[in-house]
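Read through the structure below, which is laid out as structure tokens, and then see the notes.
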Amino acid sequence: MTVVVIDNGAHTLKAGLSTRPKAPPKIIQNAAMRSKLDKRLYVGHEIEECTDFESVTYRLAFERGLLTDWDVEKAVWDGVFSEGVLSVNPPDVSLFVTEPYFNLPNIQETYDQLIFEEYEFGSYYRCTPALAATHSDLFHEPGQSLPECMIIVDSGYSFTHVVPIMDGTVVWTGVRRIDVGGKLLTNHLKELVSFRQWNMMDQVYVMNDVKEACCYVSSSYNADLETCKMNPRRNPIVQEYVMPDFSSKQRGYIRGPEDMKRDEEQVIFMENERFTVPEVLFNPSDIGMEQTGLAETIAHSIASLPPDLQGMFWANIGLLGGSTAFRGFKQRLMTELRALAPAEHEVCLYKADTPVTQAYKGALAFARLPIYKNCAVTRAEYEEGGSNAVRRKLRTYGDGRPDRAFAAPAPTTTPTTSATPALPARVVKPMPSKPKGTMGPPPVPTGRALRARRSDIE
């Protein structure tokens, strides 16, 4: 059976078919967008048709890492399954979809209802991006098998997660999270540029492009900062980003030394913003966040694992997500980890050429394995037992194999000080349930209420 593979990220989703393993995935923004110029609503894959991204308004399916707007999500998925993208008939295929870490049970039930009651897929399977990535070539070494113990660093749109995996199963007691992702970095850059140069508070699309084109992780932060202080506009670090001209369909670009200057061009001078924005991943305290940086978080995660296995985790650290694609990211992280790791342990980092699509590649590889048919939940099983049947078969926090599963404790956050790796992390206690009649978040829509029409999001 053909399997539709969707890495359902908060910023973009990556979609493809198991019958086309060599085809690049369709990368689609997981949002609805309205342009103030033509007043048209663009959903998902239609955003590529937009010609004017000046002062656009977004409506995102995800909020703080969780799927909250099901109307937008269903509208985006409708476009993915349509003839213009994948051209599939859901009842005739299976679905593999990734879900957020520590996904809430009521949201998982809504996944089940949307997939089986609305789309009527023949079967489906879901897991976290870190587990999906273990089936990719991220840790591939010629002549060697997949390591049994590994750390996956998934730096996505909303958060950065450090996920230890042992023998194909997530060790949830060792999972750590930093509240820094691509969205925060883009907003931080937007505020810096708006304060120092142009007002870019409404230019989310443009500033995200500036971040991806210009920013890098500095291996000598203080030295680069001094270089920018000496001569802000004339130094080896400064770059001139020419803002896009949507009236002439001219995309934004970095001006080279030989490019001709025009009077009508609007230019953003990227000086220390190039490296101070990604620096937040390594030092969240720079913007007032009381959390440790990425290297210290990885060290704390490994310190919570069995002592006799910690050396294997230090030797197998993989990088996922768009925020790991910054130039110099791997080298900087390697330097900081080597200073924190015990001298007797080897530290090895693995990073793919395209970390944004690595989880998709792993999901695609797993969907092509013979075991996938046994792991996926069929529509007949759901009709017989509902979401409980899905939960039993998927072993929600396990690895999809019926003989292994780990229970999931409450998520943990990183401690507030950059201390030695041996210090324990602070455990976040679950909030007490509210008594009946008190105010709370609106319930997640269920069943046929999920049927999203384009008018619902307009």
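Odds and ends about this structure:
- Applying the Karplus relation 6.51 cos²θ - 1.76 cosθ + 1.60 with θ = phi - 60° to segment 293-302 yields 3J(HN,Hα) values of x, 5, 4, 5, 5, 4, 4, 5, 5, 5 Hz, where x marks Gly and Pro.
- Looking at segment 44-115, the accessible area is 36 square angstrom per residue; that uses a 1.4 Å probe and ignores ligands, DNA and RNA.
- The simple spin-label model puts a point 7 Å past each Cα toward its Cβ; for Tyr216 and Tyr253 those points are separated by 2.0 nm.
- Aspartates and glutamates whose Cα lies under 12 Å from that of Lys190, excluding same-chain neighbours fewer than 8 positions away: Asp202, Asp209, Glu273
- Calculated over segment 182-280: convex hull of Cα atoms, volume per residue (Å³): 107
- Unit Cα scatterers, Debye sum, segment 285-336: log10 I(q)/I(0) for q = 0.22 Å⁻¹: -0.99
- A straight Cα-to-Cα reach below 20 Å connects Lys351 with the aspartates and glutamates Asp7, Asp137, Glu141, Glu148, Asp154, Glu212, Glu279, Glu296, Glu336, residues fewer than 8 places away in its own chain not being considered.
- In segment 345-396, trypsin sites (Lys or Arg not before Pro) in a DSSP loop with at most 14 other beta-carbon atoms within 10 Å: Arg368
- Arg251, Arg338, ranked by accessible area, largest first (probe 1.4 Å): Arg251, Arg338
- If you wrap segment 65-193 in the convex hull of its Cα atoms and look at it from every side, the mean projected area works out to 11.2 nm².
- Remark: accessible surface ordering of Met312, Met207 (largest first) is Met312, Met207, probe radius 1.4 Å.
- Once you divide the Cα radius of gyration of the chain by 2.2 N^0.38 Å, the number left is 1.01.
- Residue-wise HN-Hα coupling along segment 304-314, computed from phi with Karplus coefficients 6.51, -1.76, 1.60 (Hz; x: Gly, Pro): 7, 9, x, x, 6, 10, 5, x, 5, 5, 4
- Projected label distance in nm at Asn388 and Ser82, using a 7 Å step from Cα toward the beta-carbon: 4.0
- Surface accessible to a 1.4 Å probe, Met260 within the full protein complex, Å²: 130
- Only protein atoms count toward the accessible area here, which uses a 1.4 Å probe; on the chain, the carbon and sulfur part of that area reaches 51 percent.
The values are calculated or read from the model by the stated rules, or taken from the named source; none is laboratory data. A quick note: this is a predicted structure, and the numbers were derived from the prediction, not measured. Note that we place each Cβ from the backbone using ideal geometry, even for glycine, and neighbour counts take in every protein chain shown. Heavy atoms of the whole protein, side chains included, go into the accessibility calculation; ligands, DNA and RNA do not. Shrake-Rupley method; radii C 1.70, N 1.55, O 1.52, S 1.80 Å.
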